[in-house]
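Below: one structure, written as structure tokens.
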Amino acid sequence: MSGILTYALHYEGAFNKNSLGAVSEGAKLAKEIGGEAAAVVVGGDDLTDELCASLGNYGATKVYRVKGPEGLGAPVVDAMAKIIGDDGYSYALFGGGLLGFEIGAGLTARLGAGVTMEVTAVKAQGGKLVAERPILQDSAIVDVDYVGEPGIIIGRLNAFDVVESGGGAAQVVDVEVSFEEHSNRAVMVQRGEQRGADVNIEDAEILVAGGRGLGKAEGFELCESLAGALGGAVAATRAVVDAGWYPYAAQIGQTGKTVAPKLYLAAGISGAIQHKVGMQASENIVAINKDANAPIFEFCDLGIVGDLNAIMPKLTEAVKAKKGG
Ligand SMILES: Cc1cc2nc3c(=O)[nH]c(=O)nc-3n(C[C@H](O)[C@H](O)[C@H](O)COP(=O)(O)OP(=O)(O)OC[C@H]3O[C@@H](n4cnc5c(N)ncnc54)[C@H](O)[C@@H]3O)c2cc1C
């Protein structure tokens, strides 16, 4: 059967946005190549008929429900490999994010399949899928198609839009999967919330973004105070999320989120191309950097050359005074 299989991650009775984007994209593409759009969900009793069937609203016609640990990569690889083996899907599509990368890579290895990662768009050509992938620091795009089946497509985080197509309830099919011995070796001990994870930075009108120039994790308090005074949210560069100073959920750029707020204030950020691609559509970009030659000054609307430790507290006080007055 020619069709597209996606994985949908759920937590506390809801599917995450990135998964719904993958399901929506899979459904759109399946129509174009004339195949079935299906999704796999793995979890416990919280996976009710109603919750699973609700993926039909995003275009899935069939939902495979597998009993197993939710939120871990290896069991999902087992489940998807079995379903693709039994029912013969031509493509597996993931919305990106760390779990999507983990499952997509595992499935590729298991099935000896072809894979494209960091995909930003997918098109249908002659009944097959072609993945578009940026290369050379996002300065060019290549088209990738697949020799043989299945083809694995892993999107860039949030690359695919969530589309409520109003397709009604999807058919729910229970599948029993016997997990590989190694798949049971990792268990979820705790699922916690990250600092800042409750804020949807993609919808914020004002973002105060911090980079390595903040000096240490505590430096983000300067961004939080200023964002609080302005009524905005906090964002970050990859350098600082990799250093553990701030949650990955706040990362802007090539491998993070793409935003376009009314105001993007970049504090201690050099303006590397990989960061720029995620925020260059902002209406107003203000940069604070002590290096007058920092690349960010080449594309910001207002540049302040100076030490952020001196400027940000004063700016926060000034905003508070203005709002209070
Ligand atoms: C494949 C790939 C994907 C990537 N994806 C991303 C991505 O999605 N997002 C992303 O952000 N990066 C990404 N990067 C990393 C990117 O190349 C840069 O390394 C990163 O953006 C730099 O972060 P930064 O600006 O915080 O740090 P730096 O480049 O180190 O800049 C720190 C800046 O702070 C300034 N500064 C220092 N002290 C002060 C002070 N006291 N006051 C004012 N200014 C000060 C310095 O002058 C400097 O300009 C990616 C890289 C690769 C290779």
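The values are calculated or read from the model by the stated rules, or taken from the named source; none is laboratory data. Everything quoted here is computed from the prediction, not taken from an experiment. When we count neighbours, we look across all protein chains shown, and the Cβ atoms used for this are built from the backbone with ideal geometry, even at glycine.
Here are some notes:
- So Val189, is it of a type outside the set (Phe, Trp, Tyr), under 24 Å from Leu98 (Cα atoms) and without any contact (Cβ under 8 Å) to a residue 24 or more places away in the chain: yes
- Taking the range 214-325 and the helices (runs of 4 or more DSSP H) fully enclosed by it, the elements with 1 or more residues that are within 9 Å of the ligand (Cβ to nearest atom) and acidic (Asp, Glu) are at 238-242.
- The requirement of being among the polar types (S, T, N, Q) and without any contact (Cβ under 8 Å) to a residue 40 or more places away in the chain is satisfied by Gln125.
- Residues in the range 97-146 that are of a type in the set (Asp, Glu) and either away from the ligand (no atom under 15 Å from the Cβ) or under 22 Å from Val40 (Cα atoms) (or both): Glu102, Glu118, Glu132, Asp143, Asp145.
Results for (1) surrounded by fewer than 21 Cβ atoms within 10 Å (Cβ to Cβ); (2) in contact with a Cys (Cβ under 8 Å, 6 or more places away or on another chain); (3) more than 24 Å from Glu164 (Cα to Cα), shown as yes or no for each residue.
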| position | (1), (2), (3) |
| --- | --- |
| Ala60 | no, no, no |
| Val76 | no, no, yes |
| Asp86 | yes, no, yes |
| Glu102 | yes, no, yes |
| Ala105 | yes, no, yes |
| Leu111 | yes, no, yes |
| Thr116 | no, no, yes |
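- Condition broken by Val173, with the remaining ones in (1) buried (at least 18 other Cβ atoms within 10 Å of the Cβ); (2) away from the ligand (no atom under 13 Å from the Cβ); (3) β-branched (Val, Ile, Thr) satisfied: (1)
- Glu70 vs. criteria touching a Gly at 6+ places or on another chain (Cβ under 7 Å), farther than 30 Å from Val277 by Cα and assigned by TED's automatic domain parsing to the domain that holds Ile141: yes
- Unique residue being under 23 Å from the mean Cα position of the chain (by Cα) and within 23 Å of Ile273 (Cβ to Cβ) when the list is Val144, Val163: Val144
- Counting the residues of the range 147-160 that are closer than 23 Å to Lys276 by Cα and in a strand (DSSP E or B) gives 2.
- Pairs, first in the same structural domain as Leu99 (by TED's automatic domain parsing) and touching a residue at least 60 places away in the same chain (Cβ under 8 Å) in the range 239-261, second more than 10 Å from the ligand (Cβ to nearest atom) and aliphatic (A, V, I, L, M), C-beta under 8 Å, six or more apart: none
- Qualifying residue in the range 18-37 (condition: part of a strand (DSSP E or B) and touching a Leu at 6+ places or on another chain (Cβ under 7 Å)): no
- Selected residue [away from the ligand (no atom under 14 Å from the Cβ) and without any contact (Cβ under 8 Å) to a residue 24 or more places away in the chain] from Glu181, Glu164, Glu149: Glu181
- Screening the candidates Gly88, Gly71, Gly34, Gly96 for the property of being closer than 21 Å to Val122 by Cα and in contact with a Phe, Trp or Tyr (Cβ under 9 Å, 6 or more places away or on another chain) yields one hit, Gly96.
- Pairs where the first residue, in the range 293-319, is assigned by TED's automatic domain parsing to the domain that holds Ala272 and the second is within 12 Å of the ligand (Cβ to nearest atom) and of a type in the set (Asp, Glu), C-beta under 9 Å, 6+ apart: Phe297/Asp291; Val305/Asp291
- Within the range 38-55, being in contact with a strand residue (DSSP E or B) (Cβ under 6 Å, 6 or more places away or on another chain), surrounded by fewer than 24 Cβ atoms within 10 Å (Cβ to Cβ) and part of a helix (DSSP H, G or I) holds for Asp49, Ala53.
- Among the residues here, Arg133 does not qualify as under 19 Å from Gly100 (Cβ atoms) and at pLDDT below 90.
- Extreme residue, farthest from the chain's Cα centre (by Cα), among residues of the range 258-291 that are surrounded by fewer than 19 Cβ atoms within 10 Å (Cβ to Cβ) and closer than 19 Å to Lys17 by Cβ: Ala260
- Residue identified as modelled with pLDDT under 90, under 30 Å from Ile141 (Cβ atoms) and not aromatic (Phe, Trp, Tyr) among Glu202, Glu193: Glu202
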